[in-house]
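Written below as structure tokens is the structure these notes are about.
The values are calculated or read from the model by the stated rules, or taken from the named source; none is laboratory data. From a predicted model like this one, the values you see are computed outputs, not experimental measurements. Note: ideal-geometry Cβ built from the backbone for every residue, glycine included; neighbour counts use all protein chains shown.
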Amino acid sequence: MLIKKILITCCAAASLLGGAAQARDTLRVGTEPTFAPFEFMDTKTREFVGYDIDLIRAVADKAGYDIEVVNMGFDALIPGLAAGSVDVVAAGMTITPERAERVDFTKPYYTVGLSMIVKKEDAGRFPDFKSLANQPIGVQIGTTGADKARGIPGARVQTFNGTNEAFMALTVGHVSAVIHDRPVLSYFMKMQPRAAKNMKLQPVLEDSQQYGFAVRKGNAALLEKLNKGLDAVRAEGLDKKIHDKWFAQ
Ligand code: GLN
């Protein structure tokens, strides 16, 4: 009996040691997947895909981790880090001073600006953010686009959980405009021509913003690994390849 037990213990220990060379820890990556082409669900494979997913996978790989993508509301991502339900946020999240008080951001990995889509028939009436005074405006909850809309005098801001719902609200005329990150608006215009048929992406581009991956406040060890991973990914030109994959269509 005793011998058997010892044998089992030995084997378990040996397999643990043997496995250590290959087994990698998994980083739980929180995202909000209605933000194409940065993160969205591939309707065929039902997998979460996009620029951010590929980039964080490459960065994590350099840092020695596999990833597991966790689908969350955009406004749940920062609380999720604090609660420990995810290790990293990769969600086109703009680095802002307010957020930087609650989480730690990696070096910036992407630069965008805010823009707006309106109904084609309203294109002359609503050419820019200023013209949206006193109008109903659709935004995604907790985003910098929502902050922008709130700063427009008299605006009646309608917040939606996902980007798609905000687009839908514009289609049915519940809002006069959707304010969001420009690459996401232009990807929608290009990739969903039927839904976007009666819409116009205005040329406005404001508020240069940079995306960063976020970790729990004070998780300096992981932050350093991710920053080094990002450097390694850039040194190999992998970020450029990932960019071409999602943006050069
Ligand atoms: N970049 C914007 C923000 O951080 C929008 C991000 C998003 O909707 N996923 O608020």
Report whether or not L170 is in a strand (DSSP E or B) and touching a residue at least 24 places away in the same chain (Cβ under 8 Å).
no
Quick test of your reading of the structure: V178 fulfils all but one of (1) at pLDDT 95 or above; (2) outside any strand (DSSP E or B); (3) away from the ligand (no atom under 11 Å from the Cβ); (4) not polar (S, T, N, Q). Name the failing condition by number.
(2)
Name the residues in the range 87-102 that are under 28 Å from L201 (Cβ atoms) and either of a type in the set (K, R) or under 14 Å from the mean Cα position of the chain (by Cα) (or both), would you?
V89, A90, A91, G92, M93, T94, I95, R99
I need the full set of residues from the range 48-79 which are among the acidic types (D, E) and either assigned to a helix (DSSP H, G or I) or under 20 Å from D244 (Cα atoms) (or both), in order please.
D52, D54, D61, D75
If you check I137 against the conditions, is it β-branched (V, I, T), within 16 Å of the ligand (Cβ to nearest atom) and within 19 Å of P183 (Cα to Cα)?
yes
Hits in the range 150-167 - residues which are in a loop (DSSP other than H, G, I, E, B), within 16 Å of the ligand (Cβ to nearest atom) and over 22 Å from K197 (Cβ atoms):
G151, N161
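Every residue, every condition in (1) touching a Gly at 6+ places or on another chain (Cβ under 9 Å); (2) within 16 Å of the ligand (Cβ to nearest atom); (3) over 18 Å from E206 (Cα atoms); (4) part of a strand (DSSP E or B), yes or no:
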{"position": "S85", "(1), (2), (3), (4)": "yes, no, yes, no"}
{"position": "D104", "(1), (2), (3), (4)": "yes, yes, yes, yes"}
{"position": "G113", "(1), (2), (3), (4)": "no, yes, no, yes"}
{"position": "E121", "(1), (2), (3), (4)": "no, no, yes, no"}
{"position": "G124", "(1), (2), (3), (4)": "no, no, yes, no"}
{"position": "D128", "(1), (2), (3), (4)": "no, no, no, no"}
{"position": "K148", "(1), (2), (3), (4)": "no, yes, no, no"}
Note: among A133, A155, just one is aliphatic (A, V, I, L, M) and buried (at least 17 other Cβ atoms within 10 Å of the Cβ), namely A155
Flagged in the range 87-102 as part of a loop (DSSP other than H, G, I, E, B) and not hydrophobic (A, V, I, L, M, F, W, C), in numbering order, are D87, G92, T96, E101, R102
Conditions first: (1) within 22 Å of I56 (Cα to Cα); (2) near the ligand (Cβ under 10 Å from one of its atoms). Y109 passes all but one, so which condition is the exception?
(2)
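Out of E236, E224, report the one residue that is under 17 Å from Y51 (Cα atoms), exposed (fewer than 15 other Cβ atoms within 10 Å of the Cβ) and among the charged types (D, E, K, R).
Step by step, each of E236, E224 is checked, and only E236 is under 17 Å from Y51 (Cα atoms), exposed (fewer than 15 other Cβ atoms within 10 Å of the Cβ) and among the charged types (D, E, K, R).
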